[in-house]
Amino acid sequence: MGSLFTSICPSLVLLGIGEIISSRSCPKVLLLNGTQDRETSGFSASCFVAAITDALNRTYGDPLNCLKSRPSQYINTLLVPKDGQIPIDVEQLAAQGILRVGTTWGAGDSSNQGWKKVAFFSEMQDM
């Protein structure tokens, strides 16, 4: 099973990926896992956003290929599993420019009705 740093970020550091994502004006949704794993123990939601932003900006690569895009240019909506274990630090997310946070139900939830059951918040609220 892959994780943030072994499966997701290696695909995001490729040249052109950050440029394409940041240039689009469309919903850019990050769906968080419900639990921590071996690579993300202690991470809050904003830590996941920061790691993805660093990968897309190629922060730790060749300085000539680095970008300086804000997190909200890559992610503008965050979906978190209902009763998930990852802390949702709304103040830090707002500082990153992510103002839409929603809760989604898992596939194993008998009341699950797919994307229709997503509850969006237009302003950051404690979850």
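The values are calculated or read from the model by the stated rules, or taken from the named source; none is laboratory data. Treat the numbers as computed from the prediction; the structure is a model and nothing was measured. Heads up, the Cβs are rebuilt from the backbone with ideal geometry, glycines too, and the neighbour counts pull from every protein chain shown. Side chains are part of the model used for accessible areas, which takes the heavy atoms of the whole protein and leaves out ligands, DNA and RNA. Shrake-Rupley method; radii C 1.70, N 1.55, O 1.52, S 1.80 Å.
The figures follow:
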quantity: Label zone at L67, where the point sits 7 Å out along the Cα-to-Cβ direction: the stretch 24-41 residues whose backbone N lies under 18 Å; calculated: 24-31
quantity: Value of Rg/Rh across the stretch 1-60 [Cα atoms, Kirkwood radius]; calculated: 0.96
quantity: If the convex hull is drawn through the Cα atoms of the stretch 22-90, its volume per residue in Å³; calculated: 89
quantity: Long-range HN-HN contacts of T104 with modeled amide H, under 5 Å; calculated: V80, K82
quantity: Accessible-area composition of the stretch 1-71, carbon plus sulfur, in percent [1.4 Å probe]; calculated: 63
quantity: Accessible area per residue, Å², the stretch 23-72 with all protein chains present, probe 1.4 Å; calculated: 57
